[in-house]
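Please treat every number below as a calculation from the coordinates, not as lab data. Owing to the predicted nature of the structure, the values given are computational and were not obtained by experimental measurement. Cβ: placed from backbone, ideal geometry, glycine included. Neighbour counts: every protein chain shown.
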Amino acid sequence: MSKPVIVALDFADDFECINFLNQFPKDDKLFLKIGLEMFCQFGYPFVRNLRERGYNIFLDLKLHDIPNTVKRTCEMIAQWDVQMLTVHATGGAEMIEAAKKGLDGSATKLLAVTQLTSLGQTELANELQVPLKSQDYVTHLAKLAYQNGADGVISSALEVPLIKEATSTNFLCVTPGIRPKSAQVGDQKRVATPAHARSLGSDAIVVGRPITQAADGHQAYMNICKEWNK
Ligand SMILES: O=C(O)c1cc(=O)[nH]c(=O)n1[C@@H]1O[C@H](COP(=O)(O)O)[C@@H](O)[C@H]1O
C-alpha cells in the first residue's frame, strides 16, 4: 500500500459524514479514521458500513485498560477486518502484548499512541510530571511498543527519525498533528506540514479538520495529497 493520507472522520452525525464522503469520486478508496466521537454514537455497524463501501479503516479507540480487558476487546475487534487499531503505549508492556495477542490471526495493525500531539513539552513537565524531553519520552514509549509486539506508533512527525533509529525502519510511524501552512493549529502542539512529515519519514499522515472543515473538503484533501506525494 502506498503511504496514505488518512482522513479523521470527527463528525457530530453520520449524515454529515456521509455527505462529506459523497464529495469524493466513488473509486477513490479513502483511508478513514473512525475515532471515539463517531464510534461512541454509531458503534460497529458504522464501521461495517464503511468497510462494505470499500474504505480502509483506522479504528482509533485508544484502548487503555488492564491487559485482560484489552486482550478480550481486541479479540472482538479482530473479527472486524479493520486495517489499524490504537492502544495507549502508557498502558505498559503487558497491555501492549495482550492487545497484540488479542488481534492474533487478523491483519489489523496495532499502533501504540505515544505522547498525544496536543501535548507539548510544558504540559509533559508541568501537568504529567514527566522529567524527560518530549522526544526522549516518545522514543522511550515507541521502544516499549516495539519490544512488545506493536506494529507501529502514533507520534508527531517531529519524532519519526528518532523512533525509526531506536526501533526499525519497518516500524510504522503514523503521524497526526498535520497542518498545511495556511491551516489553523487549534489544540495541536507538535505539528508538521504534509511535506515536512514526508521528509521526516512518516509512513502515513492523519488529517482531520484541515480537510473535514474546509469549504471544499475534496479539494483540501487533493492539495494535501499533492504536497505529501511530492
Ligand atoms: O490517535 C490519533 O489518531 C491521534 C493521536 C494524537 O496524538 N493526536 C491526534 O490528533 N490524534 C487524532 O488525529 C486527529 C487529528 O485531527 P485534526 O487535528 O483535526 O487534524 C484526531 O482525530 C485525533 O483524535
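For segment 124-224, run through the trypsin sites (Lys or Arg not before Pro) and keep only the ones in DSSP coil with at most 15 other Cβ atoms within 10 Å of their Cβ.
Here the trypsin sites (Lys or Arg not before Pro) that fit, given the DSSP loop and packing criteria, are Lys133, Lys181.
Could you compute the net charge surrounding Ile163? Neighbours are other residues with a C-beta less than 12 Å from the C-beta of Ile163; K and R count +1, D and E count -1. Write out the running numbers ahead of the final one.
Numbers: positive: Lys143, Lys164; negative: Asp136, Glu159, Glu165, Asp203.
Taking every Cβ under 12 Å from that of Ile163, the sum is -2.
Under a plain spin-label model, where a point goes 7 Å from the Cα along Cα-to-Cβ, how far apart in nm are Lys226 and Asn170?
Distance between the two pseudo-spin positions: 3.6 nm.
Using the Cα centre as the reference, give the magnitude of the dipole from point charges on the C-beta atoms of segment 5-229 (Lys, Arg: +1; Asp, Glu: -1; all else neutral), rounded to the nearest 20 debye.
380
Among the GluC sites (Glu not before Pro) within segment 1-87, which fall in a DSSP loop and have no more than 16 other Cβ atoms within 10 Å of their own Cβ? Mind dumping the intermediate values first?
Values: sites: Glu16, Glu37, Glu52, Glu75; in loops: none.
Filter output for segment 1-87: empty list.
For segment 5-229, take N as its residue count and report Rg(C-alpha) divided by 2.2 N^0.38 Å. Spell out each step's value before the answer.
On the way: Rg = 16.9 Å, N = 225, 2.2 N^0.38 = 17.2 Å.
It is 0.98.
Between Tyr44 and Lys101, what length comes free when the chain is fully extended (0.36 nm per residue of separation minus the Cα-Cα distance, one decimal in nm)?
18.4 nm
How big is the gap, in Å, between the Cα center of segment 132-206 and the Cα center of segment 1-51?
One Cα centre to the other: 22 Å.
What list do you get for Asp10, Asp104 if you sort them by fewest beta carbons within 10 Å?
Ranking Asp10, Asp104 by Cβ neighbours within 10 Å, fewest first, gives Asp104, Asp10.
Under 5 Å between amide H atoms, partner at least 5 residues away or on a different chain: which partners does Leu172 have, H built in plane at 1.01 Å?
Long-range HN contacts for Leu172: Gly152, Val153.
Listing Phe31, Phe15 from the residue with the fewest other Cβ atoms within 10 Å to the one with the most, what is the order?
Starting with the residue having the fewest Cβ neighbours, the order is Phe15, Phe31.
For segment 162-179, take each phi angle, set θ = phi - 60°, evaluate the Karplus expression 6.51 cos²θ - 1.76 cosθ + 1.60, and give the result in whole Hz per residue in order, putting x for glycine and proline.
5, 5, 5, 5, 7, 10, 7, 5, 7, 6, 5, 10, 9, 10, x, x, 9, 9
Of Trp80, Thr69, Ala142, which is farthest along the charge dipole of the chain in the positive direction, counting Lys and Arg as +1 and Asp and Glu as -1 at C-beta?
Ala142
What FRET efficiency comes out for the pair Gln213/Glu123, r = Cβ-Cβ distance, R0 = 25 Å, nearest 0.05?
0.55
Can you list residues from other chains, or at least 5 along the same chain, whose modelled amide H is less than 5 Å from the amide H of Lys109?
Amide H neighbours of Lys109: Met84, Leu85.
With the contact rule set at Cα under 8 Å and sequence spacing of 6 or more, what percent relative contact order holds for the chain?
Normalised by residue count, the contact order of the chain is 18 percent.
Counting residues in segment 1-61 as N, plug N into 2.2 N^0.38 Å and put the Cα Rg over that result.
1.04
Counting other beta carbons within 10 Å of each Cβ, put Val47, Val87 in order, fewest first. Provide the component values of the computation, followed by the final result.
Numbers: Val47 21, Val87 27.
The most exposed by this proxy come first: Val47, Val87.
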